[in-house]
1. Within segment 65-91, count every residue that is in contact (Cβ under 8 Å) with a residue 12 or more places away in the chain, part of a strand (DSSP E or B) and not hydrophobic (A, V, I, L, M, F, W, C).
2. Going by the conditions given, is R134 under 30 Å from R202 (Cα atoms), in contact (Cβ under 8 Å) with a residue 12 or more places away in the chain and open to solvent by 50 Å² or more (accessible area, probe 1.4 Å)?
3. So, in segment 218-234, exactly how many residues are assigned to a loop (DSSP other than H, G, I, E, B) and surrounded by fewer than 17 Cβ atoms within 10 Å (Cβ to Cβ)?
4. Out of A29, A102, A110, which single residue is open to solvent by less than 40 Å² (accessible area, probe 1.4 Å) and either more than 21 Å from C135 (Cα to Cα) or of a type in the set (A, V, I, L, M) (or both)?
5. Check segment 84-95 and report whether any residue there is surrounded by fewer than 13 Cβ atoms within 10 Å (Cβ to Cβ), modelled with pLDDT under 95 and over 22 Å from the mean Cα position of the chain (by Cα).
6. What are the pairs with Cβ atoms under 8 angstrom where one residue, in segment 212-234, is under 21 Å from R254 (Cβ atoms) and of a type in the set (D, E) and the other, located anywhere, is open to solvent by 50 Å² or more (accessible area, probe 1.4 Å) and modelled with pLDDT of 90 or more? Sequence gap at least six, or different chains.
7. I'd like to know if segment 227-249 contains one or more residues that are at positive phi and of a type outside the set (D, E, K, R).
8. Looking at the structure I just gave you, is R183 more than 20 Å from L21 (Cβ to Cβ), within 13 Å of the chain's Cα centre (by Cα) and open to solvent by 10 Å² or more (accessible area, probe 1.4 Å)?
Amino acid sequence: MSAPTVEITSTGPSTKYTFLLTPHYSMIALANAIESLRMANRMSDRVLYEWRTVTIDGQPVNASNGLTLSISGALAETDRPDILFVCGGVDISQAVSDDLIAALKGAAQAGINLGALCTGTYILASAQLLNGYRCTIHWENIAALREEFPEAVISAGLFEIDRDRFTCAGGTASIDMMLNLIREAHGQELATVIAEEFIRERIRGRNDRQRVPLRHQLGTSQPKLVEAVSLMESNIEEPMSLDELAHHVGLSRRQLERLFQKHLNCVPTRYYLELRLRRARELLLQTSKSIVDIAFACGFVSAPHFSKCYRDFFGIPPRDERRLAEPEMKAQSPAG
């Protein structure tokens, strides 16, 4: 059975990506990126993208799962790509070498766009190629990267595209980054069809964030704070008061406020509001519920109040965000 073909009107040469593999790279991040490009070619019945995998010395390296892919050769032997992606994984600091840093600095001086999958961001930062750039990395590495490279602007986003730097958190986030690049280059329809083929309910965007487990942020040292946040997450539709939260975790209101301020850098009410707004965004983009119903489901007393809070936090009113996502949602619905 042949796949549906999306008509592409744009002309010009194919886009070329080179994936630079480092020892113990994340194969899931690499595979998701390449499969997105392959599916773009298949669904358009055109060679929109070309890709190759290389290493710094032309010798194959093992992925973190122990498998080894055949490669195209050494980085220095490849043609100039449109984007050079550094693919990282576990033990990323051990992958840094003088030859690798020199090659990446040379690529930057030559004006080549640079990107990273998973912990490849660490290598770009080690080469001082993310200074002043907004970037991201897998949530397990965010705190360490911020500590070691304060000149980089590190977010908890799924992916970041800042001028000529393209970074993503790895895992399935590489699909989202590639689909956003495909959408920008060739339109919403192609990106949506690819998402459907991958059985993805939607294409996540730049406003989506990695969910960093609170226990990972705090360790086991703050059980009361973890308990308070768990209560917030379980009471979205009818938010608990700060006094109720404090009572349930066995603290005074002031003690609870101090915990949030010290460890999460915000007051409890602000943290609770952001939780509710993120839940509202999930409902907005993944369901057909009305904005009024979403507002009530997430504990807001009125739709206007919800819309104001949503716009202040996400930078766009909920109605506009849903309107922008409607082509994708319609195409992915059973009736679409």
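1. 2
2. On the way: under 30 Å from R202 (Cα atoms): yes; in contact (Cβ under 8 Å) with a residue 12 or more places away in the chain: yes; open to solvent by 50 Å² or more (accessible area, probe 1.4 Å): yes.
Yes.
3. Going through segment 218-234, the residues assigned to a loop (DSSP other than H, G, I, E, B) turn out to be 219-222.
Remaining after also requiring surrounded by fewer than 17 Cβ atoms within 10 Å (Cβ to Cβ): 219-221.
The qualifying residues number 3.
4. Details: A102 fails: open to solvent by less than 40 Å² (accessible area, probe 1.4 Å); A110 fails: open to solvent by less than 40 Å² (accessible area, probe 1.4 Å).
Checking each option against the conditions leaves just A29.
5. The answer is yes; a qualifying residue exists.
6. E227/H248
7. Kept after step one, since they are at positive phi, are these residues of segment 227-249: none.
Within segment 227-249 (the criterion being at positive phi and of a type outside the set (D, E, K, R)), the answer is no, since none of the residues qualifies.
8. Numbers: more than 20 Å from L21 (Cβ to Cβ): yes; within 13 Å of the chain's Cα centre (by Cα): no; open to solvent by 10 Å² or more (accessible area, probe 1.4 Å): yes.
It is false that R183 is more than 20 Å from L21 (Cβ to Cβ), within 13 Å of the chain's Cα centre (by Cα) and open to solvent by 10 Å² or more (accessible area, probe 1.4 Å).
The values are calculated or read from the model by the stated rules, or taken from the named source; none is laboratory data. Predicted model only: the values in this text are computed from it and were never measured. Note that each Cβ is placed from the backbone with ideal geometry, even for glycine, and that neighbours are counted across all protein chains shown. Only protein heavy atoms, including side chains, enter the accessible area calculation; ligands, DNA and RNA are left aside. Shrake-Rupley method; radii C 1.70, N 1.55, O 1.52, S 1.80 Å.
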